[in-house]
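What follows is a short report on a single structure.
The values are calculated or read from the model by the stated rules, or taken from the named source; none is laboratory data. Given the structure is predicted, the values throughout are model-derived calculations rather than measurements. So basically every Cβ, Gly included, is an ideal-geometry build from the backbone, and we count neighbours across all protein chains shown.
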Amino acid sequence: MSATTRGAIIFGILLIVLVLCSVLTFSVLPNSSVAVGLPVITVPGEAYNGALPSAEAYGVGNAFGGWTNTFVATLIADLAVLIFVVLAWRASKGWTREVPTRFQSWVEMVGDFIYGQTKSFAGVKPLAKKWLFPLAASIFVFLLAVNWMKLFPGVESVGFMHCAHEGTSGYPSLQVGDNAYQLYIERALYAGVRASHEDYEACEHFVEDAAHHPTHETLVAASGELREAEAALLTELDADTTLTQEERDARIDEKRLEVTESVYPEATFALTADQLEKGVVPYVQVVTPFVRGGSTDLNLTIGLALVTFVAIQVFGVAAQGPAYFMKFINLNALGTMHKKPLGAVDFLVGLFEIISEIGKIISLAFRLFGNLFAGGILLAVMSFLIAALLPVIFYGLEVIVTTIQAFVFAVLTIVFSAQAMEGHHGDEEHEEGAEAHAH
């Protein structure tokens, strides 16, 4: 078989797969009322009770309902790291097993890789080997757990359903079990309806007041009423040849909304007779995932950057003592201005070093946050466009990106700490040595 023939076969298979994926996305899923919807895209972690960050009910300090999904993801990542450490310790029998198992070999490979980076940038001094290496390795493993978590099925897709706040787009819902609901989406590439304050209030009133929940018998009766009313309306509209299609649709929607509101007060969506019978809830609702990638929340990335920043200063002081702060406030440059007038420039450069040091926090935090947050949006959008196959390609890319980001954060921690441990007073020592020689 020639290369051209083989290529033609592969291309044909790809076309067939693409057609099947398109049929699934634009026909099968919408006909089953489970087309892919766009999730709520927000920077802060989302509270399980649906509270906004500005609300009192938002935050870890309240009951469990106030916890955020990114906070829970961080706790799960912490637990995963602890389990990983325990398993590694047991597999290696306290790192005394001479013939390593496969798992131990994999752990040692990761450890040797991080240690090699530490040795390359910071040397083999005890401070680097006993303190910097464990810190960098811990950060790397922790970020791997946090970053990879969002790639697991159910993460950022399964969670609590609640009313959409003003300005947030959402969908109607449908009960599929005793306590299970799903978003009801009958159209592909449908971005939902943006909720108004009135929509949110109507939905909350419906959820809180069980007396407003219609029974199945009530819904069946309303469905039959709507079928009769809609049939009579169509007969009337057919007799009026002056109406445009838009006007006809508006009259039909008006009738549907009227009947829908008879069982669902102040409903947002005008339901059809079939939807009423199914029990579709016509209020704008969204899903807050149980777990969302922790590194897509600035609280985690800034917190980790602050920990790294403090560690860098500690390593600098441990290696150089009080002389470490000379790179920020260069007293020697001021003291030698009578001999070296440009010492004033050196002093000002030291002050700029303070800004550069603080900039490391921003650099570390926003690099990690930006890449992971953008990756989550990319996966959501690709799933929204083509529900099958296409997202798998981007999942593969995300595995690479999330791993690289964990590695970059760990390596930058090593590099910044190694720079802090280096001497910044070489010129001063050289000058003092020359003066002693002259005397």
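Taking first residues from region 176-196 that are within 26 Å of residue 22 (Cβ to Cβ) and partners that are surrounded by fewer than 16 Cβ atoms within 10 Å (Cβ to Cβ) and small (Gly, Ala, Ser), no Cβ contact under 7 Å between residues at least 6 apart in sequence or on separate chains turns up. For region 158-182, filtered to residues that are small (Gly, Ala, Ser) and closer than 29 Å to residue 216 by Cβ, the residue that is surrounded by the most Cβ atoms within 10 Å (Cβ to Cβ) is 170. Residues that are assigned to a helix (DSSP H, G or I), outside the structural domain of residue 192 (by TED's automatic domain parsing) and either surrounded by fewer than 13 Cβ atoms within 10 Å (Cβ to Cβ) or under 28 Å from the mean Cα position of the chain (by Cα) (or both) occur at least once in region 91-104.
Close contacts from region 108-130, counting a first residue that is more than 20 Å from residue 92 (Cα to Cα) and a second that is of a type outside the set (A, V, I, L, M, F, W, C) and buried (at least 16 other Cβ atoms within 10 Å of the Cβ), with Cβ to Cβ under 6 Å and a gap of 6+ residues or different chains, come to 128/118. The residues on offer are 140, 113, and the sole one that is in a helix (DSSP H, G or I), surrounded by 18 or more Cβ atoms within 10 Å (Cβ to Cβ) and in the same structural domain as residue 71 (by TED's automatic domain parsing) is 140.
Conditions (1) of a type in the set (Val, Ile, Thr); (2) more than 27 Å from residue 130 (Cα to Cα); (3) assigned by TED's automatic domain parsing to the domain that holds residue 316, marked per residue:
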| position | (1), (2), (3) |
| --- | --- |
| 355 | yes, yes, yes |
| 379 | no, yes, yes |
| 382 | no, yes, yes |
| 393 | yes, yes, yes |
| 406 | no, no, yes |
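Name the single residue, out of those in region 20-38 being β-branched (Val, Ile, Thr) and assigned to a helix (DSSP H, G or I), that is surrounded by the fewest Cβ atoms within 10 Å (Cβ to Cβ). Out of the qualifying residues, it is 23.
Pairs linking a residue in region 302-318 that is touching a residue at least 40 places away in the same chain (Cβ under 8 Å) and farther than 11 Å from residue 413 by Cα to a residue that is hydrophobic (A, V, I, L, M, F, W, C) and not in a helix (DSSP H, G or I), with Cβ atoms under 8 Å and 6 or more positions apart or on different chains, do not occur. At least 2 residues being β-branched (Val, Ile, Thr) is the threshold, and among the helices (runs of 4 or more DSSP H) wholly inside region 193-270 those reaching it are 216-239, 245-263. Going residue by residue through region 77-87, is there one that turns out to be free of Cβ contacts under 8 Å to residues at least 40 places away in the same chain and not in a helix (DSSP H, G or I)? There is no residue in region 77-87 that is free of Cβ contacts under 8 Å to residues at least 40 places away in the same chain and not in a helix (DSSP H, G or I). Restricting attention to region 45-70 and to residues that are more than 25 Å from residue 184 (Cα to Cα) and touching a helix residue (DSSP H, G or I) at 6+ places or on another chain (Cβ under 8 Å), the residue that is modelled with the lowest pLDDT turns out to be 60.
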